[in-house]
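Working notes for the structure below.
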Amino acid sequence: MKVALLSGGVGGARFACGLVSAVDPGDVTVIGNVGDDLDVLGLAVSPDLDSILYALAGLNDEERGWGRAGETWEALGTVAALGGEDWFRLGDRDLGLHLVRSRALRAGEPLSAVTMRLAQALGVEAAILPATDDRLRTWIDTPAGSFPFQEWFVARGHRDEVDAVRFVGDAEPAPGVLDALDAADAIVIAPSNPYVSIWPILAVEKIRAAILARRVPCVAVSPLVGGRAVKGPADRMLARMAGGTGPEHVAACYSGLIDALVVDESDPAGPLAVRRIVTQTLMTDLDASRRLAETVLGAAA
Ligand code: GDP
Ligand code: CA
């Protein structure tokens with residue numbers, strides 16, 4: 001069964017690990033969000049692609065929830081001591097990847113090609129693709145003003161309420177993305193933040209059009225458990241922008257794009273425009289992630 005997975009960073013990466021243990025990893029294409037990408041200290045950083053990459057390579061830090069296990073911070077310490085840009089935390093091990101990617105991008109290699117190469121080098125069998133090789137950036141409109149995604153999320157600690165999310169840049173799908181969607185037996189939307197992880201992927205018009213025109217089921221997994229985000233601002237964003245944190249509010253983020261929504265047992269019942277699949281969606285370990293992936297694939301079969 002070939003699967004195309006739309007994914008943000010941590011929630012998506014956790015689900016991706018379950019997915020590749022439920023099906024042949026070679027049949028999985030993860031299409032990752034690049035709206036969070038940024039330049040730090042002259043380096044091209046793609047936080048969501050890297051969360052996916054590190055998780056699938058088994059290099060991720062489970063406890064911290066992002067970055068690499070066994071990380072050290074010596075380089076960043078030097079940056080801080082020298083008065084450099086240290087608001088965005090890059091560990092020593094992580095830095096190595098950013099150096100290689102930045103060099104490749106400067107030499108003209110597309111992000112999709114670099115990402116595939118990095119994944120292969122780390123022994124990842126699934127395909128990891130950025131939604132686009134073009135520059136697409138997420139902007140957050142708040143009562144305190146408009147901010148680039150990471151300035152709002154990291155520098156301001158995502159404390160500002162969000163009035164709207166915008167995507168800046170005309171983007172074509174990266175090579176391989178439309179083929180993966182076309183070849184898929186199932187399209188899955190990971191339990192990622194709808195607004196800032198999945199919408200930037202859908203902001204690539206041809207990706208949205210391909211999913212709207214799908215001939216196979218598209219199943220989304222809600223990132224809420226009992227109406228609350230497991231981590232991050234998804235619940236606050238849904239409450240303010242969709243009017244609530246029920247399954248119907250999550251489903252409304254994907255109107256016309258999904259056939260079923262997988263929600264947690266602790267989420268409220270009530271009318272839903274798409275098929276509801278109820279299960280335990282908290283991915284406490286790899287077994288739980290795999291069971292969730294199996295349920296999702298069962299719903300898509
Ligand atoms: P980010 O780009 O690193 O913020 O990651 P994502 O957008 O992919 O994931 C963040 C979302 O994952 C949050 O809204 C969480 O509520 C959700 N999430 C994290 N862990 C779990 C889990 O175990 N189960 C479910 N259902 N959602 C989760
Ligand atoms: Ca992200």
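The values are calculated or read from the model by the stated rules, or taken from the named source; none is laboratory data. Just so it is clear, the model here is predicted, and its values are computed rather than measured. Here Cβ is always computed from backbone atoms with ideal geometry, including for glycine, and neighbour counts include all displayed protein chains. Only protein heavy atoms, including side chains, enter the accessible area calculation; ligands, DNA and RNA are left aside. Shrake-Rupley method; radii C 1.70, N 1.55, O 1.52, S 1.80 Å.
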Return only the number of the condition from (1) of a type outside the set (Ser, Thr, Tyr); (2) within 11 Å of ligand 1 (Cβ to nearest atom); (3) more than 10 Å from the chain's Cα centre (by Cα) that Val28 does not satisfy.
(2)
Of everything in the stretch 1-16, what is within 13 Å of ligand 1 (Cβ to nearest atom) and open to solvent by 20 Å² or more (accessible area, probe 1.4 Å)? Give them in sequence order.
Val10, Gly11, Arg14
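From the list Ala209, Ala252, Ala234, Ala239, which one is touching a strand residue (DSSP E or B) at 6+ places or on another chain (Cβ under 8 Å) and either within 16 Å of ligand 2 (Cβ to nearest atom) or not β-branched (Val, Ile, Thr) (or both)?
Ala234
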In the list Ala131, Ala104, which residue meets the criterion of being within 17 Å of the chain's Cα centre (by Cα) and open to solvent by less than 20 Å² (accessible area, probe 1.4 Å)?
Ala131
Within the stretch 61-88, count every residue that is assigned to a loop (DSSP other than H, G, I, E, B), among the charged types (D, E, K, R) and in contact (Cβ under 8 Å) with a residue 24 or more places away in the chain.
1
Looking at Ala13, Ala4 in this structure, which one is within 16 Å of ligand 2 (Cβ to nearest atom), within 30 Å of Leu257 (Cβ to Cβ) and among the aliphatic types (A, V, I, L, M)?
Ala13
Considering residues that are more than 19 Å from Cys218 (Cα to Cα) and open to solvent by less than 70 Å² (accessible area, probe 1.4 Å), the number found within the stretch 274-286 is 1
What strands (runs of 3 or more DSSP E), lying completely within the stretch 17-60, carry at least 2 residues that are surrounded by 24 or more Cβ atoms within 10 Å (Cβ to Cβ), in contact with a helix residue (DSSP H, G or I) (Cβ under 9 Å, 6 or more places away or on another chain) and β-branched (Val, Ile, Thr)?
28-32
